[in-house]
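Readers should treat all values here as calculations from the given coordinates under stated rules, not as data from a laboratory. This structure is a prediction, so every number in the text was calculated from the model and none was measured. Here Cβ is always computed from backbone atoms with ideal geometry, including for glycine, and neighbour counts include all displayed protein chains.
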Amino acid sequence: MTASKKLAKSIKITDSSTTQASAKETIYIDAEDDITRIIDSVKSSDAKIIALVLPKRANALQSLVNMKLLKRSATQAKKNIVLITSEHGLMPLAGAAGIHVAKTPQSKPEIPASTQSPRSNAVEDLDEEVDIADKIDKTKSVGVAQREAEAVDDDVIEFDNIKVDDIDEDTGSLTQSKANKAKKVKKDKKLKVPSFDRFRLGVGLAILAVILLIGGWVMAFVVLPKATITIKTDTDTAVSSFDFTASTLVSEVNTDTMTIPAVVEQLKKTETEKSTTTGQRDDGTRASGEIRLSVSFSSGLVSIPAGTAVATGGNNYITQASVSLTKTDFDNNKFYNTVDVLAAENGDKYNIDSDKTFTVAGFSSVSGRNPDEIDGGTSKIVKIVTQSDIDEAIAKINQKLDDSIKSDLKSQHTANNVLSLEATYLSSEPVIKPNVEVGQEAEEVTVSYEATYTMLGVSRKQLAELVKSDVEKDGELDLSKQSIIDDGIDTAVMRINNSKADQAYINLRTSVIAGPELDEDEIKENVRGKKVGEIESYVKSLTGVQDVSVKYSPFWVYSTPKSTKKITVIIEKPELPDLGSSSSDGGDE
């Protein structure tokens, strides 16, 4: 050990009270000092209270045994020791040994809990530890070093809560009352450490509130506000009804002949449909036998041709040969003869017992009886295709195709900016091919259906020319003072008088509305951002306007939105008469 370190160990720290000049002493421990040297330093000290300033790693005190040896030696020497350290690993050991500990020379000493464990997130405030021994310049003389040590350590260790009188003369330890007081650390109630989590939560809530306020303002005054402007105008109505020809053979509108160019769209479609067969047939065998025919004398002689039907019990049989009832066949005042018969159909129901009475079709005077059983009939029922089964499949195909094909044809017209004349929808003669013919055995039949569909279309603008021409001819509307604001084509009723693949003769009937021509887009542009009074003054100044009303939504909106997309202009139209529904009547070519 160097002279400066030995000197540092012998430095006595004086208290501000001169009466206790030798009662307290500070001893600096080196990292390489063992427990024996530490104990010797404590015993050799004249002070009652000894502060052991530990280095960052005091290897000698990392053992509970050594810690207890130090405590026992201090007790035997009637001295009270305080460990000056902030190393958390020593706290449980010091607590178990009953040794006071202070983090810094200014801190109050206390005995730590023996079960205390270091916190993983604790920040070791090692910078506060004052290592006086390291601050002594070892190159200087002993006197100078002592004076510097005294200057550095002057008034540093102040154990104001420990007095010499508080030390037990027998044990060298603090009395129990003072020990309890030493353990109590007074807290400055005025000093509060701010909670960063609470601060961060508060900032987050404040930001969220600002976002909600901004979002609410945008929704309330930008997104939700809408304006509806309803305009009532001076209007007149007239019914237009005329016949016109839509033909693919012309290229221009002719209002004299009421002819308009037509565009034809066609679609070839093949479809299949299955249908369960409903027909039945007995493929068994027919019963056969013999019957005896007879006629009375009074009826005279009778000849019955082959193929004559005879019946009994609802079963029909067919004679297999011609037979004559003559005098040579005579019995019991009757002429008789026998003939073979065969059941009219297959089936075991034609098997009958003997001695059944038969009637003969076409010969009321003749009767028959079978002397023996008629048998040999068997039943074997199979399902067969009927015409109704095929018709059912065709009906399903038509139902499935009609709506879809009409929609497809109209889509083709729309793509070409053409107005479809749905009444001109036509289908060619379909080619129908069942996979099983009528009368053949099958559980189900699949029908293939192929046809070509057509629909005519016209230019909406050109059709409007015909409507306007008809209205002018009738003189119901004065178009020199008014304009047609609704030509009624969208709700027109059309009936086909005659139709071909390339042209159609059609009757059109609709209601036409004439009045002031108002530009909705222009009105929206001129009213955006304005208040109700300004809007009413502007709209009423337009020609032909009778009245105007403005409504806002939601209820807090008091001016028209600046975006024209949020403004709706409604021009009221008079109630039109019901013209009925359109129909198409096919005609001859």
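Quote the FRET efficiency, to the nearest 0.05, computed for residue 306 versus residue 441 with a Förster distance R0 of 45 Å and r equal to the Cβ-Cβ distance.
0.90
Note down the magnitude of the dipole of segment 461-573 about its Cα centre, charges +1 on Lys and Arg C-beta and -1 on Asp and Glu C-beta and zero elsewhere, to the nearest 20 debye.
Once rounded to the nearest 20, the dipole reads 560 debye.
Points 7 angstrom from Cα along the Cβ direction at residue 403 and residue 106: gap in nanometres?
Between residue 403 and residue 106, the label points sit 9.1 nm apart.
Testing the spin-label approximation: label points 7 Å from Cα along Cα→Cβ at residue 213 and residue 543. State their distance in nm.
With each label placed 7 Å out from Cα toward Cβ, I get 5.4 nm.
Using the structure shown, select from 530/566; 481/565; 468/565; 71/103; 268/396 the pairs with a Cα to Cα distance greater than 22 angstrom.
481/565; 468/565
Between segment 438-508 and segment 377-431, how far is it from one alpha carbon centroid to the other, in angstrom?
Segment 438-508 and segment 377-431 have Cα centres separated by 21 Å.
Normalised by the number of residues in segment 284-379, what is the relative contact order in percent for Cα pairs under 8 Å and 6+ residues apart?
About 41 percent, as a whole number.
Full-extension gain between residue 551 and residue 381, please, as 0.36 nm times their residue separation minus the C-alpha to C-alpha distance.
53.5 nm
May I ask you to derive the FRET efficiency for residue 481 and residue 222 from their Cβ-Cβ distance with R0 = 51 Å, giving the value to the nearest 0.05?
0.75
Using a Förster radius of 56 Å, what is the FRET efficiency between residue 257 and residue 531 based on their Cβ-Cβ separation? Nearest 0.05, please.
Computed FRET efficiency for residue 257 and residue 531 comes out at 0.55.
For residue 82, what residues show an amide H to amide H distance below 5 Å, using hydrogens built from the backbone and excluding near sequence neighbours?
Residues meeting the criterion, in which the H sits 1.01 Å from N, are 50, 51, 52.
For residue 424, list long-range residues whose amide hydrogen, built 1.01 Å from N in the peptide plane, is under 5 Å from its own amide hydrogen.
Here 456 satisfy the definition.
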